[in-house]
Amino acid sequence: MTSKFSQVFLASVLALAALLAGCSKAPTEADLNLATAKQKAEECVEPENVIRTKHMDMLMHQRDATMIEGIRTKQHSLKECINCHVSATKQDGSPLHYGDKEHFCTTCHAAVGQKIDCFQCHADRPDVAQNQNYQHAVGSTEGHHFTQGVTEAAAPTTAEVQMVTQPQQGAAQ
Amino acid sequence: MASQSIIFRETKQGKGFYILLAVLGAFLALGALSFFHAEHHGHHVTGMNNQIVWGLPHVFAIFLIVAASGALNVGSIGTVFGKKIYQPMGRLSALLAISLLVGGLIVLVLDLGHADRLIIAMTHYNFKSIFAWNIILYNGFLVLSAIYIWTMMDRKAKGFYKPAGVAAFTWRLILTTGTGSIFGFLVSRDFYNSAVMAPLFIVMSFVFGLAVFILVLHFTYKWTGRELGDKVMNRLRYLLAVFIAGVLLMELARHLTGLYISQRIGVETFILRDGGIYTQLFWVVQILLGSILPLSLIFCRKLKDNRLALLLAAGFAILGGFAQLYVILIGGQAYPLTLFPGAEVSSDYFDGAINGYTPSVWEIMLGVGGVALALVMVTIGVKVLRFLPESLSDAVADPHSK
Amino acid sequence: MSQNRVDEYRRKFVTALGGVAAAATVAPGFFLREAQAAGEVPTRSLDQAVTSEKRWGMLIDITKLTDGGAGMVEACKKEHGWDNNPLSRDDQKAHWARVVNVKDKLTGHSFSLPVMCQHCENPPCVDVCPTGASMKRADGIVQVNKHICIGCRYCMMACPYKARSFVHEPLTDQRSYSPRGMGTVESCNMCIHRIDEGRLPACVEAAPDAVIFGDLNDPNSAVSQALKAMGGKQIRADLNLNTGVRYHGI
């Protein structure tokens, strides 16, 4: 059993383990580009320490609630995180994506080496074409700050009210 | 257990071992390359599409998985049915079963759209899905086969030898039933939805597993300079013939049923007459080369005790098996779904049209990588542990056979 | 009949507008019926889970579709952006909906219809999915939970309607309300994001004269009334899947 083969095998396993051990280094505060996040900390849906440590759990909970039960509250919605924290374009006007280091989520996730696959499917920047005023201001009715509680779904727009009150052409028959 | 004169030994140190590992390692590397390529770029680099959703990787994977459960049979015949001559081969049989299954599963898993979510497949179960049951069956098979090997290798565990063998044998029958039912339960496709898929896959597993076992047994003995007698090989030879005949019978029943039910005549005539490549693969490769030729090689009087004839028979049975799975998988998907019986349908999305499929080099590499992994596991296995009897000459293997 | 078509739609808004102010602006006859219907199934607020009280479905009258449903397919494409797959070959591109032309071999009778996910009551794709990613929501909408989809494509093998597509390439800039991504399977989800907001699915909006959408469980809903009056066939009714999408004129 203690052949040349098993020696070679053992040596290669040890070498690989040593290599892997050398690679892992805990990131320091300096490694994390937290400037944008800190700017918005006051407006966040949860206190800073909560959102930092628990955002993944909240998103996970929200994702199942939305997919399976159709619950679409906004406080812990990924879409609303993106709308608040990520701008649609970089400074030079080109689209900003998760792969870019300026992307809000990337600033931290790249530094801690935590790969996420949210953005394989989800839009990684606000859908400007859909909503020009995607960016929320502090205290606005669109905000979901934890001190405000959860805001209800938006009231119907004038156009929508009109659709109901004035029967469509096809409905006249 | 095995008779007293059987001594198990690891294979010897030698240049051949490293050369073999290097060759297989090269194929493994190609398989890994293929996985990373498709994982990074997406499945658009493969030949698979939204009509042919399962392609060549699945042919390889299902072949290996089905062959895995069949490879265990040699051991089971010795343990469950008490045939002494098979017992010395039990360890290799179980090792080969584990190796083939792992090789097949790796292909299946690495072809997933999200191979990185394998953990989800292990933690989220939909118990109505035969696929979910198969995940449990595969894992259970690996565990039971490992226990089976342990009872054969450890004298202290000898008492569990028979129960372990029976458990592994029962489990493998259920496992292949599950694999066949992956197709049998598909309500929407006339070529698949039939209970016969389960027994068909079981008999197919007998053939694939035994054919692979014959080749592996011969070449390990030849390359390590050990003796392998005709008594053992002739047992396996005629067993292979019986199994091939069994597959032919099941296929006959399946296709006759298809031709009898008018709802299924469309897809049956496609496969049997109008299917181009699928028709050729069925008649020429599966039936002629994969079934009739091996039977002739086995039963030809002039070729009695001819080792080369047996190896060719096993090789052609494997080739036929691949063709059979290709026809079942790809051929079955190539024929369009029936939305409106009795009507011609067309659309800008291939409705009513025969679906095309050309495997890409990446799919071939991934499949061959799975085969290489299985063989690497066997090669290393017989090297580091006592799987192989030092000799299976007629005098050792069959002193007083029954 | 098509007056009833927007019942569901209106009921939500009547409730949203709230009480008398809204009622005053709505035609009196219409309001009466609304008042009765609204009592049976309360409008859902977005922090409440959907229930099986409702089952969404639609009736497509193909005799009123002049383009065979091409406009509906275009609306779907635009809404969900599933035509954005430049790297995929034609046979790999996503198709949430398509127009199928049918011609009877014996009689030569022909027609065209839009085919998409039929939102079966007993969906084969849900049965076969190993992880439960292919799912039916309580209100009858069949969809893929892409978070736990491993991309095995078994549901595509199982679907009799070829309603599902596999995403063969990396995507960016998806619609914010319709996430879709490489390595997962996707299909028509009846515009679940619109339904939750009380809006009609995009394809229904694109063909208001030919499609009636609503609650199949409510015998008084427009779609139930129309189905009762006109019939409404299923594709592959022989499979006994009890589809939520029904057709008139096939």
Quiz item: farther than 20 Å from C:ARG55 by Cα, more than 7 Å from every other protein chain (Cβ to nearest Cβ) and open to solvent by less than 10 Å² (accessible area, probe 1.4 Å), is that true of C:GLU169?
Solution: no
Exercise. Would you please list the contacts, defined by Cβ atoms under 9 Å and residues six or more apart or on different chains, that run from a residue in region B:10-28 that is outside any helix (DSSP H, G or I) to a residue that is surrounded by 13 or more Cβ atoms within 10 Å (Cβ to Cβ) and of a type in the set (Gly, Ala, Ser)?
Key: B:GLU10/A:SER3; B:GLN13/A:SER3
Practice problem: Evaluate region C:151-160: report whether one residue or more is more than 7 Å from every other protein chain (Cβ to nearest Cβ) and surrounded by fewer than 24 Cβ atoms within 10 Å (Cβ to Cβ). | Solution: no
Quiz item: Across region B:268-278, what is the total count of residues that are open to solvent by less than 70 Å² (accessible area, probe 1.4 Å) and not hydroxyl-bearing (Ser, Thr, Tyr)?
Solution: 6
Self-check item: B:LEU142 being in contact with a helix residue (DSSP H, G or I) (Cβ under 7 Å, 6 or more places away or on another chain), surrounded by fewer than 22 Cβ atoms within 10 Å (Cβ to Cβ) and either in a loop (DSSP other than H, G, I, E, B) or at pLDDT 95 or above (or both)
Solution: yes
Exercise. Give me a count of the residues in region C:82-105 that are closer than 23 Å to C:HIS248 by Cβ and facing another protein chain (nearest Cβ under 7 Å).
Key: 8
Practice problem: Determine whether B:GLY165 is in a helix (DSSP H, G or I), more than 28 Å from B:HIS58 (Cα to Cα), more than 10 Å from every other protein chain (Cβ to nearest Cβ) and open to solvent by less than 10 Å² (accessible area, probe 1.4 Å). | Solution: yes
Quiz prompt | Residues satisfying the stated conditions in region C:96-118, i.e. over 26 Å from C:ILE192 (Cα atoms) and free of Cβ contacts under 8 Å to residues at least 24 places away in the same chain | solution = C:LYS103, C:ASP104, C:LYS105, C:LEU106, C:THR107, C:GLY108, C:HIS109, C:SER110
Quiz item: Restricting attention to region C:75-88, and to residues there that are of a type in the set (A, V, I, L, M, F, W, C) and touching a Cys at 6+ places or on another chain (Cβ under 7 Å), which single residue is surrounded by the most Cβ atoms within 10 Å (Cβ to Cβ)?
Solution: C:CYS76
Exercise. Collect the residues in region A:40-95 that are among the charged types (D, E, K, R), more than 11 Å from chain C (Cβ to nearest Cβ) and either in contact with a Ser or Thr (Cβ under 9 Å, 6 or more places away or on another chain) or within 22 Å of C:ASP47 (Cβ to Cβ) (or both), keeping them in residue-number order.
Key: A:GLU43, A:GLU46, A:LYS54, A:ASP57
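A quick yes/no check of all residues on (1) under 28 Å from A:GLN7 (Cα atoms); (2) of a type in the set (A, V, I, L, M, F, W, C):
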| position | (1), (2) |
| --- | --- |
| B:ILE19 | yes, yes |
| B:LEU24 | yes, yes |
| B:LYS84 | no, no |
| B:VAL107 | no, yes |
Quiz prompt | Qualifying positions in region B:99-139 - aromatic (Phe, Trp, Tyr), part of a helix (DSSP H, G or I) and open to solvent by 40 Å² or more (accessible area, probe 1.4 Å) | solution = B:TRP133
Self-check item: Scan of region B:279-338 for residues that are hydroxyl-bearing (Ser, Thr, Tyr), open to solvent by 50 Å² or more (accessible area, probe 1.4 Å) and free of Cβ contacts under 8 Å to residues at least 12 places away in the same chain, ordered by number
Solution: B:SER296
Exercise. Using the structure shown, decide if C:VAL128 is touching a residue at least 60 places away in the same chain (Cβ under 8 Å), β-branched (Val, Ile, Thr) and facing chain B (nearest Cβ under 7 Å).
Key: no
Self-check item: Verdict on C:GLU186 being more than 10 Å from chain B (Cβ to nearest Cβ) and not hydrophobic (A, V, I, L, M, F, W, C)
Solution: yes
Self-check item: Filter result for B:ALA38 (under 19 Å from B:SER145 (Cα atoms), of a type outside the set (Val, Ile, Thr) and either at pLDDT 95 or above or part of a helix (DSSP H, G or I) (or both))
Solution: no
Quiz prompt | Residues (open to solvent by 10 Å² or more (accessible area, probe 1.4 Å) and in a loop (DSSP other than H, G, I, E, B)) located in region C:89-122 | solution = C:ARG89, C:LYS93, C:HIS95, C:LYS105, C:LEU106, C:THR107, C:GLY108, C:HIS109, C:CYS117, C:GLU121, C:ASN122
Quiz item: How about region C:134-146: which of its residues are within 8 Å of another protein chain (Cβ to nearest Cβ), part of a loop (DSSP other than H, G, I, E, B) and either under 16 Å from the mean Cα position of the chain (by Cα) or crowded, with 22+ Cβ neighbours inside 10 Å (or both)?
Solution: C:ARG137, C:ALA138, C:ASP139, C:LYS146
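The values are calculated or read from the model by the stated rules, or taken from the named source; none is laboratory data. These numbers were taken from a predicted model, which means no experiment stands behind them. Cβ sites come from the backbone with ideal geometry, for glycine too, and all protein chains shown count toward neighbours. Ligands, DNA and RNA are excluded from the accessible area calculation, which covers all protein heavy atoms including side chains. Shrake-Rupley method; radii C 1.70, N 1.55, O 1.52, S 1.80 Å.
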